[in-house]
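No lab work stands behind these numbers, since they all come straight from the coordinates. This is a predicted model, so every value here is computed, not measured. FYI the Cβ positions are ideal-geometry reconstructions off the backbone, even for glycines, and counts take in every protein chain you see.
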Amino acid sequence: MLTSHGEAPEETPARTGRLLFLDALRAVASTLIVWHHFALYPPLSLQAEPILGPLVHWFSEYARSTQVFFVISGYVMARTMARWRWDSKAVAAFIAQRYCRLGIPYLAAILVAILASAYGLGWLPEDVVGSAPTLAQFAAHVFFLQELLGYEHLSAGLWFVCINFQLGLIYAAMLWLRDSAAAVLKISSASPWIDVPIVAGWALAAVSLFHFNRQPGGDSWAPYFFPYFFMGVIVHRALTNRGSEPLFWLYLLTVIAAMGYDWRWRLASAIVVGSLLFGAEKSGLSTRWPRNRWIARMGQTSYSLFLLHFPILLVVAAAWARLGWTSAPAAVAGLLLAYAGSVAAAFAFHRFVEEPAATLSRRVCRNQTRTPR
């Protein structure tokens, strides 16, 4: 089954006990992101302010929660990738698999967003629907390069998919360097002296915490977000190696020091998520709680929700504009309908797009032999 945001596959509940706590984190974080964008983009949010003013302000300012997914992604990648040996063929297979998992749903959602923008053209603000897409712009999106090449995104939040893909490449490269060094030096890849994912990861995270992550223009590149991702890697290492547990607490102190040096509330939320994840996994709570089918389903379909909520918002807002429904009660109803429609669309998208993409990614890597370390 495809997990949220293109991470490597996890076990299903029927066989080994799915990580229910991670699903709950995804469900909460994706809901916050949806309402953040709903509050951020007019006209429905502006029209609803007489009724939802404080909520609109809170969601627009404080509901950014993508760092939650970066922490989870780092943990899940370390959990599913660190135990294997990595050569150039394994890295190539990973890139292909990663593109299938992330890219196919992402490209399908872009097509939906283009149609939604066309429906809203002339009825919604231009900075919301954007300009007519060009072939070069679409090609940049295909290769996750739109931000780096200066093209505007064709839908809200697509930058996250690009960054997540970059982070996956960085982590795979670190694993390849670890095993390549072990082969050259003829030592075990488990040696701490060539533990590239930890040694180099720690160095990159520290530089980012005190430099990259403080640069407003640096958020087009993965190093800006690497401290969140590395939090998940460190949590995994602390849980699988008792001798490494102090690294987790040391990393928390490093992040706290970075916050003291230059306050960033997203670092605080990453600390909270990392600590909750560590505690839930260490205690075994992660596979036992919460046992709620709805929450689990929301977590499993969170990537689809992330991709589709903005086009759904555009369609509802454009329909309201065409009908002349501009009152505050009508706007509140529109926002609620957009959310319900987004959840319903996410369930269908997960079934008919994400799951086939997961099947394809497994076929891509079916002939790739994995060797344990």
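With the helix formula -39500 (n - 2.57) applied to DSSP H stretches of n ≥ 4, the chain reaches a computed 222 nm mean residue ellipticity of -22500 deg cm²/dmol. For the chain, find the longest principal axis of its Cα atoms and tell me its angle to the long axis of helix 196-210, 0 to 90°, nearest 10. In the chain, helix 196-210 runs at an angle near 50 degrees to the longest axis.
Would you work out if the stretch 26-182 is rounded, prolate or oblate? Take a ≥ b ≥ c from the square roots of the eigenvalues of the alpha-carbon gyration tensor; rounded if a/c is under 1.5, else prolate when a/b is larger than b/c, oblate otherwise. Could you put the intermediate results ahead of the total?
Values: a/c = 3.31, a/b = 1.69, b/c = 1.96.
Oblate, since a/c reaches 1.5 and b/c is not below a/b.
Arranged from fewest to most other beta-carbon atoms within 10 Å of their beta carbon, Met77, Met259, Met231 become Met259, Met77, Met231. Counting only GluC sites (Glu not before Pro) that are in a DSSP loop and have at most 15 other C-beta atoms within 10 Å, tell me the longest site-free stretch of the chain. Longest gap between qualifying sites, sites excluded: 153-373. Backbone amide hydrogens, once placed in the peptide plane, bring Trp289 within less than 5 Å of Leu20, Phe21, excluding anything fewer than 5 places away on its chain. Shown in residue order for the stretch 236-247 are the 3J(HN,Hα) couplings computed by the Karplus curve 6.51 cos²θ - 1.76 cosθ + 1.60 at θ = phi - 60°: 4, 4, 5, 7, 9, 9, 4, x, 9, 4, x, 4 Hz (x for Gly and Pro).
Axis angle, to the nearest 10 degrees, between helix 88-98 and the longest C-alpha principal axis of the chain: 20 degrees. Taking Cα atoms only, the orientation of helix 355-364 departs from the longest principal axis of the chain by about 30 degrees.
Computed about its Cα centre, the charge dipole of the chain is approximately 1480 debye, with only Lys, Arg, Asp and Glu carrying charge at their Cβ.
When both the stretch 147-224 and the stretch 313-340 are represented by their alpha-carbon centers, they are found 41 Å apart.
What order do you get for Lys186, Lys89 when you list them from fewest to most C-beta neighbours inside 10 Å?
Values: Lys186 6, Lys89 11.
The fewest-first ordering by Cβ neighbours comes to Lys186, Lys89.
Does the stretch 282-361 classify as rounded, prolate or oblate by the C-alpha gyration tensor (a ≥ b ≥ c root eigenvalues; a/c under 1.5 gives rounded; else a/b over b/c gives prolate, otherwise oblate)? It comes out oblate by the Cα gyration axes.
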